[in-house]
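The values are calculated or read from the model by the stated rules, or taken from the named source; none is laboratory data. Quantities reported herein were computed from a predicted structural model and do not represent experimental measurements. Neighbour counts are summed over all protein chains in view; Cβ atoms, including those assigned to glycine, are modelled from backbone coordinates with ideal geometry. The protein model used for the area step is the full one, side chains on, heavy atoms only, and it has no ligands, DNA or RNA in it. Shrake-Rupley method; radii C 1.70, N 1.55, O 1.52, S 1.80 Å.
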Amino acid sequence: MSLVTTESLKAELEIFDIPYQDDSVLDKMVEQCICNRLQTSEILHEWVAYSATKQGVKLTMDTLEQFEHEVTGPQILTCITNYLLNIIKAEEEEEDLLDSYSTPAKGSQKRPLTTPEHPRSKRTAAPMASPSILLSPASFSPNATPSQKYSQRGGKGEVVVTFGAVQGTRWVGRKDPGAGVQVEILEGPEDSLNSSYKYMFQRLRDVRNVLTEKIEELGEGLRTHFSIEEFSPVSLPAQDSITVLGQICCDSNGKLNAQSVLLEAGPEQGGQQVPVDLSELKEYSLFPGQVVVMEGMNTTGRKLVASKFYEAVPLPFYSSNMKMETDEEPLNVLVACGPYTPSDSLTFDPLLDLINVIVRDRPDVCLLLGPFVDSKHEQIEKAQVTETFENIFNRCIESIVDGTRSVGCQLVFVPSQRDIHHHFIYPQPPFSLPHINKEQRVTLVPDPCTLLIDGVTIGLTSTDILIHMGPEEISCGTGSDKFSRILKHMLTQRSYYPLYPPADEVNMDYEKFQSFGQMPLTPDVLVVPSEMRYFVKDVVGCVCVNPGRLTKGQVGGTYGRLLIQRSPQSEDGKRESPCLTAQVVKI
């Protein structure tokens, strides 16, 4: 490693044309290079990157001290930690070597004569750490101050939303929680996202093919359901009323409104776009990417004056030939969505409180959705953590598994686009946890997915579709609230993310989306966590739940709980929802 001098730094700064305050700045930078074992070019690259994120701050003693605190400081701490760990490991190996050659004295506390299956060093021999120790904030961040607002929150355990008949309901699991509960993904193992694949290499032609197949598939369902003979091309002039099939899109890059609606037909109908006049429609609800059938006049071939609007229909519900036991108890399902830390601290107090709730109520199944290590957290954005994101995540999962071992409940972990250590792609593959896979009660699933739990189907997605579709959807005369309309669109479009183009923060892989982003059926329960206000709604027979997030900024949030039971087939063929009751509760 070559010696860093003020002259070499000065020359490099002149090359990059970076002005500095005075020579004391150069002396400080030399000190940082020596402490961090950095070359002249390396520290300048770090400074250029740091300066770009701070709107081009000037190189002064004050900004250099802040640079040391936010960038080089964590690097020093990591190096020291690794150095100490290496020393401890070397000492342990030396002790083991000396012990193997020594003769044990009478009464001495040496190692046993038998070799254990999993030997443990004397330095690290300790009982299994509790979740509170595993999630100690001091190990994650040098600024580990518990959130005052979270600890002083009110309304703990308050029920804020109720659905169904809850009078006399006991929110506890079965006598033997988790025993005999079957949790499986409806998609077969051959269709798994676990296998390695490259993403973000898709071609526009492939994206277009996926969208075309979607139009044709939903169009065929609409044609059969409404007994439509055939669809007409959208852009050919016609003196009579015509029926056209297409996808809603906007005529610009702005938000969709009643004057900017275009209908884009599939290849079989010409593949062209035509503006749509909605003035004659008494009611409608539209969003970009929606596949619809419209009836109207197009005398000039330049504009379709819509007079009737056909919306897609949902898929059938899951049906099973399994006989239901008459004395079968309902399942208690807990649903929680991250983040699991307050925004002003890396303390996992909300997660520890949730583990206590699980131990107290003993649910049969816990559906836990990310983010577990939130990329939007203030300290993570500023790189104020002293461990890798993977280590923080592994500790988080281990604390949940160990903390709920006495309960024996089934745990389902769903990733999020905001999990900073995981693949930032939609659909998102499940977490990879080799040390957890041995746990029979742990299920790792992708986002989105459809689960089958004791004959009841539950659709899950951690992506905030409500907040993405909310500004894009337009409606007139529907008489329903926006959330219900968006949820109905998801069910009728048969997709966990029907919006096209997707939100800027969603990296969509359309080849995988075609296989894993669609609903194989209409789920009995649909879980759609969102930043928007929590709710439980019945939409076209599907119970839709937004449990909220476990934390909302610096204060506590909410989680959901449901009682579900496979309903027997009624004599008149009328379906009864397997969701008996549901609640949203403050943590």
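Overview of results
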{"item": "Protection proxy ranking of 443-454, 471-482 - average other beta-carbon atoms within 10 Å, highest first", "result": "443-454, 471-482"}
{"item": "Span from the segment 245-314 Cα centroid across to the segment 7-21 one, whole angstrom", "result": "60"}
{"item": "Sum of side-chain charges, I453 neighbourhood, beta-carbon under 11 Å (Lys, Arg +1; Asp, Glu -1)", "result": "-3"}
{"item": "Area of R405 that stays accessible when all protein chains are in place (1.4 Å probe, Å², to 10)", "result": "110"}
{"item": "Probe 1.4 Å, protein heavy atoms only - accessible area per residue of segment 204-310 in square angstrom", "result": "51"}
{"item": "Amide proton proximity set for C337, modelled H, under 5 Å, gap of 5+", "result": "L369, L550"}
{"item": "Segment 297-381, accessible surface, carbon-and-sulfur percent (1.4 angstrom probe)", "result": "48"}
{"item": "Cα centroid of segment 492-554 to Cα centroid of segment 347-372, whole Å", "result": "22"}
{"item": "Coarse-grained scattering of segment 342-443 at q = 0.10, 0.16 Å⁻¹, given as base-10 log I(q)/I(0) from a Debye sum over alpha-carbon atoms", "result": "-0.28, -0.73"}
{"item": "Residue-level accessible surface for S343, protein heavy atoms, 1.4 Å, Å²", "result": "50"}
{"item": "Accessible area in the full protein assembly, largest first, 1.4 Å probe, for R37, R494", "result": "R37, R494"}
{"item": "Segment 6-76, accessible area per residue, ligands and nucleic acids excluded (1.4 Å, Å²)", "result": "56"}
{"item": "E511 accessible area, assembled protein chains, probe 1.4 Å, Å²", "result": "130"}
{"item": "Gyration tensor (Cα) of segment 6-76, equivalent ellipsoid semi-axes in angstrom", "result": "16, 15, 11"}
{"item": "Over segment 195-278: Kirkwood hydrodynamic radius from C-alpha pairwise inverse distances, Å", "result": "14.7"}
{"item": "Cβ-placed point charges (K, R +1; D, E -1), dipole of segment 6-76 about Cα centre in debye, nearest 20", "result": "200"}
{"item": "Order of exposure, largest accessible area first, which applies to K54, K156 with probe 1.4 Å", "result": "K156, K54"}
